[in-house]
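J.: First the structure, then my questions, so here it is.
The values are calculated or read from the model by the stated rules, or taken from the named source; none is laboratory data. All values reported here derive from a predicted model rather than from experimental measurement. No Cβ is skipped: glycine too gets one built from the backbone with ideal geometry, and neighbour counts run over all protein chains shown. Ligands, DNA and RNA are excluded from the accessible area calculation, which covers all protein heavy atoms including side chains. Shrake-Rupley method; radii C 1.70, N 1.55, O 1.52, S 1.80 Å.
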Amino acid sequence: MTTLLLRLAGPMQSWGSAARFARRSTENAPTKSGVLGLLAAAQGRPRDADLSDLAALRFGVRIDQPGSRMRDFHTAHHADSGKAMPLSERYYLADAVFVAGVEGDAALLQHLHQALLAPYYLPYLGRRSCPPSRPVVMDPPADISLEDALRGVPWQASRWYVRQLERAAEYGGGPFGAEPLELLLDCPPGETPHLSQRDTPVSFDPRHRRYELRGLITDRAAPASHDPTTGLRPVGPGGVSTTESFPRTD
C-alpha cells in the first residue's frame, strides 16, 4: 500500500467533528473529514462530488506539538437582512503541529500529491480563517504502511517548542527527552476500536452534510530526530536566500 503524508502546522487550527447550535468545538487532532476536505479542495472537487474513493483511504495522524486550546466569541449578520445572528463560541488549537497521512490506492495518492503541489483551492486547517504556516506537502507517496510512515517521519515540532522542553528538562534536573508522540489511526477491520468518531465524510453538500462513524485505535511513537535546517537552500548572491517566502511560527 502507498502512503501520503501531510504537515499540518499553523498559528490556529480547528478540527470539529460535532457542532451544537452556537458552540463550535475542536478535536485535539485533525479529523478525517477535515483532511479529506483539504484534499478534495486541492483537487477542485465541487461540494456535491462523490467522496467514496477518498473515504475508502485509511487515515492516521501523529500529534507532534499539541498546542493550546483557545476560545473566540464570534459575531455575524445576515447577508440580506442585516439582522444580527446569535453570538457563538468557536474553539481553536493555537501553535499546534501534526503529521497526517492517508493510505490506499497508489494512483489516487499520486494524483492527490500533484494536486497539493498546485492546489485548485488554497488549503486551510479546518476553517478558512486558519491558513497553514508551513508547506503542507511532505515527501512523495512511499511504498510503506501508514503506521510505519507516521513512526518514521522526523519530529516536526517548532524550534521554540523543542527549546521549551529542553529548558524544562534542565530546570527539572533531568536529561532532555521528548515524550512519545500520540498516534490516532483508523481501526483495521476485525479489530476492536479504542474510541469512535463521526467524521468519515459521505457528502460535503452544504444542503445536507453527512458523515459516518469510524473506529480509531491509539498508540505511541518515539519522536525521530529533526534538523530544522533540513531542506534549506544556500544563501544566494548579495545575501538573499533562494528559498521561497512562507509564513513561519517557529
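J.: Suppose all protein chains stay in the model; what accessible area per residue would a 1.4 Å probe give for region 15-132, in Å²?
T.: Value returned for region 15-132: 51 Å² of accessible area per residue.
J.: Using a 10 Å cut-off on Cβ atoms, rank the peptides 44-55, 26-37 from the highest mean neighbour count down.
T.: Ranked from most to least packed, the peptides come out as 26-37, 44-55.
J.: Amide H of Gly16 versus every other amide H placed in the peptide plane: which residues, excluding those fewer than 5 positions away on the same chain, fall under 5 Å?
T.: So Gly16 has HN proximity to Glu27.
J.: While we're looking at this one, here's another question. Quick one: among Ala224, Ala118, Ala106, which has the greatest mean-square fluctuation in a GNM of the chain with alpha-carbon springs under 10 angstrom?
T.: Among Ala224, Ala118, Ala106, the largest mean-square fluctuation in the Gaussian network model of the chain belongs to Ala118.
J.: Calculated from DSSP H runs of 4 or more alone, at -39500 (n - 2.57) each and per residue, what is the 222 nm mean residue ellipticity of the chain, nearest 500?
T.: -5500 deg cm²/dmol
J.: What is the percent carbon and sulfur in the accessible area of region 61-163, measuring with a 1.4 Å probe over the protein chains and ignoring ligands?
T.: Answer for region 61-163 is 56 percent, counting heavy atoms of protein chains only.
J.: While we're looking at this one, here's another question. Farthest toward the dipole's positive end in the chain, which of His111, Leu8, Tyr121, given Cβ charges of +1 (Lys, Arg) and -1 (Asp, Glu) about the Cα centre?
T.: Selected residue: Tyr121.
J.: Along region 59-72, what does the Karplus equation 6.51 cos²θ - 1.76 cosθ + 1.60 (θ = phi - 60°) give for ³J(HN,Hα), rounded to whole Hz, x for Gly and Pro?
T.: Coupling constants for region 59-72: 10, x, 8, 10, 8, 8, 8, x, x, 10, 7, 10, 10, 10 Hz.
J.: Name the residues whose placed amide hydrogens come within less than 5 Å of the amide hydrogen of Gln65, ignoring near sequence neighbours (fewer than 5 apart) on the same chain.
T.: Val97
J.: Still on this structure: At Arg207 and Glu89, where each label point lies 7 Å from the Cα along Cα→Cβ, what is the point-to-point distance in nanometres?
T.: Taking the simple label geometry, Arg207 and Glu89 are separated by 3.4 nm.
J.: For region 107-122, what does the Karplus curve 6.51 cos²θ - 1.76 cosθ + 1.60, with θ = phi - 60°, yield as ³J(HN,Hα) per residue in whole Hz, taken in order and with x for Gly and Pro?
T.: Working through the residues one at a time gives 5, 5, 5, 5, 5, 5, 4, 5, 5, 5, 6, 9, x, 5, 10, 5 Hz.
J.: Between Leu195 and Ala56, what is the spin-label point distance in nm, taking each point 7 Å from the Cα along the Cα→C-beta axis?
T.: About 2.9 nm, to one decimal.
J.: Which value, in Å³ per residue, describes the convex hull spanned by the Cα atoms of the chain?
T.: 175
J.: Please list 3J(HN,Hα) in residue order for region 188-198, calculated via the Karplus relation 6.51 cos²θ - 1.76 cosθ + 1.60 where θ = phi - 60°; whole Hz, with x for glycine and proline.
T.: Values, residue by residue: x, x, x, 9, 8, x, 7, 7, 9, 8, 8 Hz.
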